[in-house]
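Working notes, structure below.
We did not get these values from a lab; they are worked out from the coordinates using the rules stated. Small disclaimer: the values here were computed from a predicted structure and weren't measured. Note that each Cβ is placed from the backbone with ideal geometry, even for glycine, and that neighbours are counted across all protein chains shown.
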Amino acid sequence: MSAERTGQKTSDDGKFITYEFKQSILCPSYLIALAVGALEKREIGPRSYVWSEKETVAAGEFEFTETEKFIQACEELCGPYVWGRYDVLLMPPSFPYGGMENPCLTFVTPTIIAGDRSLTSVVCHEIAHSWMGNLITCQTWEDFWLNEGFCVFVERKALRKLFGEQFAHLQGWTPAGRFLIFALFVFSFSFFVFIGFDMSGKSA
Ligand SMILES: [Zn+2]
């Protein structure tokens, strides 16, 4: 669930269990997610589990051990991670996206399980959405590119911080390109804050 689990109760006849969750941070409705299945979990960090069906949970545990490093790199750039838990749910192969940034519980495609952690930048991207898209978000679907644009900006800065300059070049971030992107970032952020975005849900 895209929220913190706060408890569970069993009915008097023992037939039903009620699971309780709480999301105390305001977030847009498109981020509400519920996962149901025969799921197992493994700890991959001090605030993170990977969830999956039992056949794939060990592979997920190996693949996503860098999750805490990604969170910390993004925190250095954007401030504290405010959502409490950050868990990853490994979806069935029919999941049609790379990842989905639901608060507290990212959904990811199993196609990033490469066995060598070479495709886990997707997780860094979804973590970056914890600020860019989830804490501040677009007012209309027309503006959704802003969520993704700012998220990629943070993701790439975090990956550069973790894996160095050569990795940044691999992603096409030459110094000149970085300057242009930074200029675009500053320009767009003004639009993001003052025109296109509204935390309260009222018209901007
Ligand atoms: Zn994204």
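Pairs over the 30 Å Cα-Cα cut-off, from the set Lys54/Lys161; Lys9/Lys41; Lys15/Lys54; Lys15/Lys41: Lys54/Lys161. Which longest run of the chain has no exposed loop site in it, a site being trypsin sites (Lys or Arg not before Pro) in a DSSP loop with at most 10 other beta carbons within 10 Å, and the site itself not part of the run? So the longest stretch without any such site is 55-201. Residues whose amide H comes within less than 5 Å of that of Glu40, counting only those at least five positions distant or on another chain, are Ser52, Glu53, Lys54 (H built at 1.01 Å from N in the peptide plane).
Other residues within the sphere of radius under 10 Å centred on the Cβ of Ala158, judged by their own Cβ, net out at +2 (K and R +1, D and E -1). Amide H contacts under 5 Å for Gln139: Asp198, restricted to partners 5 or more places along the chain or on a different chain, H placed in the peptide plane at 1.01 Å from N.
Summing -39500 (n - 2.57) over the DSSP H runs of n ≥ 4 in the chain and dividing by its residue number, what mean residue ellipticity at 222 nm do you reach, to the nearest 500 deg cm²/dmol?
Working: 6 runs with 70 residues, N = 204.
Calculated at 222 nm, the ellipticity per residue is -10500 deg cm²/dmol.
Summing Lys and Arg as +1 and Asp and Glu as -1 over all other residues whose Cβ lies under 12 Å from the Cβ of Tyr81 gives a net charge of -1.
Ordered from longest to shortest, the equivalent ellipsoid semi-axes for region 4-196 are 31, 21, 14 Å, each the square root of 5 times a Cα gyration tensor eigenvalue. Taking a straight Cα-Cα cut-off under 12 Å and skipping sequence neighbours fewer than 8 places away in the same chain, the aspartates and glutamates within cross-link reach of Lys22 are Glu4. Straight-line reach from Lys157: taking Cα to Cα under 13 Å and skipping same-chain neighbours fewer than 8 places apart, the aspartates and glutamates in range are Glu75, Glu76, Glu165. The Cα center of region 104-163 and the Cα center of region 49-78 differ in position by 13 Å.
Based on Cα contacts under 8 Å between residues 6+ apart, the chain shows a relative contact order of 16 percent.
Here, P(r) means the percent of Cα pairs in each 5 Å bin from 0 to the largest distance; for region 3-108 it is 2, 11, 18, 23, 20, 14, 7, 2, 1, 0, 0. Working note: Karplus 6.51/-1.76/1.60 with θ = phi - 60° gives region 79-88 the couplings x, x, 6, 9, 8, x, 6, 10, 10, 10 Hz, where Gly and Pro are set to x. Across region 115-129, rounded Karplus estimates of 3J(HN,Hα) from the backbone phi angles (6.51 cos²θ - 1.76 cosθ + 1.60, θ = phi - 60°) give x, 9, 6, 7, 10, 7, 4, 4, 5, 4, 4, 5, 5, 4, 5 Hz, Gly and Pro being marked x. Between beta-carbons, use under 13 Å as the cut-off and find the net charge around Leu105, counting Lys and Arg +1, Asp and Glu -1. Here the count lands on 0.
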